[in-house]
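**Q** Starting off with a structure, shown below.
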Amino acid sequence: MLEADERPNIYCETLGPDQFGIIEKPLTLAEQIYNKVWLRKIAILIVLALVWELYGRWLDNPLLVPPFSATIRALVTDVGNGTIPKRALSSIEVLLIGFATGTVLAGLLTVFAISSRIGTDFLETMTAMFNPLPAIALLPLALIWFGLGAGSLIFVLVHSVMWAISLNMLAGFRGVSTTARMVGRNYNLSGLRFVAKILIPAAFPSILAGLKIGWAFAWRTLIAAELVFGVSSGQGGLGWYIFESKNQLDIPEVFAGLLTIILIGLAVENVVFRFIEARTVQRWGMQT
Amino acid sequence: MTGGPALASKTASDTSGMKQASPATRGRAAPDHEAGHPLLDVRGVTMRYKTQAHLITATYRVSFSVLQGDRFVVVGPSGCGKSTLLKAVGGYLMPTEGEIRLKGERIVKPGPDRIMVFQEFDQLLPWMTVFENVAFPLKTTGTLRGKQAYERAMHYLEKVKLADFSHSYPHTLSGGMKQRVAIARGMAMEPDILLMDEPFAALDALTRSRMQDELLSLWDEIRFTVLFVTHSIPEAIKLGNRILLLSPHPGQVKAEINSVPRGEENSNEAAALGREIHDMLFADQIEEARDA
């Protein structure tokens, strides 16, 4: 056995960086391809489409489940003759008005909520009451108040969007760190300037999450409402298109309508929101 | 309260002693701080705050003055209320007793004449680049705008050797770099006094020591006034020219002493001073241990 104090001091020479074979090595092409999220997702979509096509052919009953190819044919035809774009635009227009109004109202409500205790209580009570209430349940009332048309749709949209966004905004504002708040106050920021320059950017991950949830709620509510009544000034949206096609037993068109809804949803999620995320919370390192 | 009656009376006599030492500053509306009168005057400040179940006295009748160009360090064990005291100087908390004056003006709210540098890395706003962070207070307080703000921000970023990182976002920087940006941001405002709340406490020992050297060389260049809070005695001796010792729970002034001259933080005097401070700060605990 060696005694502890008999151990000699050891000094080593280290190699320079130029003497190593590999410090960094690029991944192989296959690895790089597999690392692309969107490629993996597209692969999943292709498999799902294949399963659908095979099941449709095996079932051989286009009134129940038309195959994927028939749906795509119907989609291409109706996109080509302008029916679906017109209906989709009509839906999106109403949706954007409702969504924007709901977001602005949610913003005002939340700023009111953080600036006073009674405001917080008000917002919490309102969200507790109305968040679980499906917007579509208000449609009959909305029809009485605003009549058949865009007014009723916007009313239910605002309802479906507002509470979800307010809840997220409030949670986001509350989560802003004390240090960030103190930094803002150190520079004489107060009131709305403080909200705009410190609170909103600091709470942006939560706000963005709220906007995404709100968007999904709004889209669902709109389609459901249009299925009940979709005609405003003689031109309905996508929900109405589905309802009409079903009445005429054009089942591939029904599926084409559903597919359009999905595609628009995917596009907004993966293009619009992804773009905003990449430009904001990801660049800022608030989300990985 | 943990402090015994003997200690309390000693602190009280210390406080009155200090008051006698500077009678000229009393009764004058705006003391002439340029001629060696205090830039920052803390007089008999008691800080109390409420938690859910307790009313806590953080500091009790603390008095001290900071002169122009001072590197004034407040040192004390955790729980001595030094951070609370610094927040009061920052204007975030109001003293329950006593008052704090900066250039003769009573401090009532936070303001850009006292820029705070925090310990937490999230004091940099993550949605702004390094440059934007440094320029933000300049622009938002209307101190400077446009090209002047740009030049001032870049000037101080060069001082902390981070000009190359001006377009990086804070999350890409190391902890030490983040603190350097925060210091540059504070100094770019050219405040009357820079308040530093253990800014190096979350750094590793090597980075911490390098940051201390850099802060001192910045001081050699610019001669700003800084009020620095720490619980590390070696840091206090190295950084400060004047050291205020606070006793724990509630914080009371134990002593206000001069540090060793610059660059002698490794000398025998510094070691002796360190031992002296240590003994003063932990005297209560030794007594308590003996009693128990």
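Any read-out appearing in this document is the output of simple, stated calculations on the displayed coordinates, not a laboratory observation. Source: prediction; values computed, not measured. Reconstructed Cβ throughout: ideal geometry from the backbone, glycine too, with neighbour counts over all protein chains shown.
**Q** Computed from the mean reciprocal separation of all distinct C-alpha pairs, what Kirkwood hydrodynamic radius does segment A:108-248 have, in Å? Can you show the working numbers first?
**A** Working: mean 1/r = 0.0591 Å⁻¹.
After inverting the pairwise mean of 1/r, the radius is 16.9 Å.
**Q** Suppose each label sits 7 Å from its Cα in the direction of the beta carbon; what would the B:R210-A:R193 distance come out to in nanometres?
**A** Modelled inter-label distance: 3.8 nm.
**Q** Estimate the FRET efficiency between A:A171 and B:T143 by the formula 1/(1 + (r/R0)^6), using the beta-carbon distance for r and 25 Å for R0, to the nearest 0.05.
**A** On the way: r = 34 Å, r/R0 = 1.37.
It comes out at approximately 0.15.
**Q** Oh, and also: Restricting to Cα pairs below 8 Å that are 6+ residues apart, what does the relative contact order work out to for segment B:195-292? Please round to a whole percent. Please list the in-between numbers first.
**A** On the way: 85 pairs, mean separation 21.2, N = 98.
Normalised by residue count, the contact order of segment B:195-292 is 22 percent.
**Q** Another one. Please list 3J(HN,Hα) in residue order for segment B:57-67, calculated via the Karplus relation 6.51 cos²θ - 1.76 cosθ + 1.60 where θ = phi - 60°; whole Hz, with x for glycine and proline.
**A** Whole-Hz 3J(HN,Hα) from phi for segment B:57-67: 8, 7, 9, 10, 6, 8, 10, 6, 10, 10, 8.
**Q** Taking 41 Å as R0, compute the FRET efficiency from the Cβ-Cβ separation of A:E6 and B:S174 and round it to 0.05.
**A** Details: r = 40 Å, r/R0 = 0.98.
Efficiency, rounded to the nearest 0.05: 0.55.
**Q** Once a ≥ b ≥ c are taken as the square roots of the eigenvalues of the Cα gyration tensor of segment A:188-265, is the result rounded (a/c under 1.5), prolate (a/b larger than b/c) or oblate (a/b not larger than b/c)? Walk me through the numbers before you get to the answer.
**A** Numbers: a/c = 5.46, a/b = 3.01, b/c = 1.82.
Cα axes put segment A:188-265 in the prolate bin.
**Q** With 10 angstrom as the radius, rank A:F273, A:F20 by how many other C-beta atoms surround their C-beta, starting from the fewest.
**A** On the way: A:F273 16, A:F20 9.
With the fewest neighbours first, A:F273, A:F20 line up as A:F20, A:F273.
**Q** What are the ³J(HN,Hα) couplings of segment B:255-266, residue after residue, when phi is run through the Karplus curve with 6.51, -1.76, 1.60 and θ = phi - 60°? Round to Hz, x for glycine and proline.
**A** Values per residue, Gly and Pro as x: 6, 10, 10, 7, 8, 6, x, 3, x, 10, 6, 9 Hz.
**Q** Let me ask another. Where does chain A land on Rg/Rh, using Cα atoms and the Kirkwood Rh? Don't skip to the end; give the middle numbers.
**A** Details: Rg = 27.3 Å, Rh = 23.3 Å.
Using Cα coordinates only, the ratio equals 1.17.
**Q** If I take every Cα pair under 8 Å that is 6 or more residues apart in chain A, average their sequence separation and divide by the length, what percent do I get for the relative contact order? Please report the intermediate quantities before stating the final value.
**A** On the way: 266 pairs, mean separation 57.7, N = 288.
Rounded, it is 20 percent for chain A.
**Q** Still on this structure, please answer the following. Counting each DSSP H run of 4 or more residues in the protein assembly as shown as -39500 (n - 2.57), what helix-only mean residue ellipticity at 222 nm follows after dividing by all residues, to the nearest 500 deg cm²/dmol?
**A** Numbers: 22 runs with 306 residues, N = 580.
That calculation yields -17000 deg cm²/dmol at 222 nm.
**Q** Looking only at Cα atoms, what is the convex hull volume of segment A:1-69 per residue, in Å³?
**A** Numbers: hull volume 17.7 nm³, N = 69.
Spread over its residues, the Cα hull of segment A:1-69 gives 257 Å³ apiece.
**Q** I've got another one for you. On a 19 Å Cα-Cα criterion, which of the cross-link pairs B:K50/B:K254; B:K50/B:K87; B:K82/B:K254; B:K87/B:K109; B:K50/B:K82 come out too long?
**A** On the way: B:K50/B:K254 25 Å; B:K50/B:K87 15 Å; B:K82/B:K254 13 Å; B:K87/B:K109 10 Å; B:K50/B:K82 17 Å.
Cα-Cα > 19 Å for B:K50/B:K254; rest within.
**Q** Please order B:H278, B:H54, B:H37 by the number of other Cβ within 10 Å, starting at the fewest. Present the calculation step by step, with values, prior to reporting the outcome.
**A** On the way: B:H278 11, B:H54 8, B:H37 19.
By the 10 Å Cβ count, ascending: B:H54, B:H278, B:H37.
**Q** What distance in nm lies between label points placed 7 Å from Cα along the C-beta direction at A:L148 and B:A201?
**A** Result: 7.0 nm between the two label points.
**Q** Between A:A267 and B:A53, what is the label-to-label distance in nm when each label sits 7 Å out along the Cα-to-Cβ direction?
**A** About 6.0 nm separates the two model spin labels.
**Q** Right, here's the next one. With chain A treated as a Gaussian network of Cα nodes joined by springs under 10 Å, which of A:K246, A:K41, A:K86 yields the largest mean-square fluctuation?
**A** A:K41
**Q** Among A:I84, A:I200, A:I46, which one shows the highest mean-square fluctuation when chain A is modelled as a Gaussian network with alpha-carbon springs under 10 Å?
**A** Largest GNM mean-square fluctuation: A:I46.
**Q** Hey, could you pull the Cα Rg and Dmax for the protein assembly as shown, both in Å?
**A** Using the Cα atoms of the protein assembly as shown, the pair Rg, Dmax is 33.0, 103 Å.
**Q** Once the Cβ-Cβ distance between B:S78 and A:A49 is put in as r, and R0 is 41 Å, what FRET efficiency do you end up with, to the nearest 0.05? Don't skip to the end; give the middle numbers.
**A** Values: r = 63 Å, r/R0 = 1.53.
In this case the efficiency is close to 0.05.
**Q** Please report A:K36, B:K82, B:K254 as a ranked list, fewest other C-beta atoms within 10 angstrom at the top and most at the bottom. Please list the in-between numbers first.
**A** Working: A:K36 10, B:K82 26, B:K254 23.
Least crowded to most crowded, the residues run A:K36, B:K254, B:K82.
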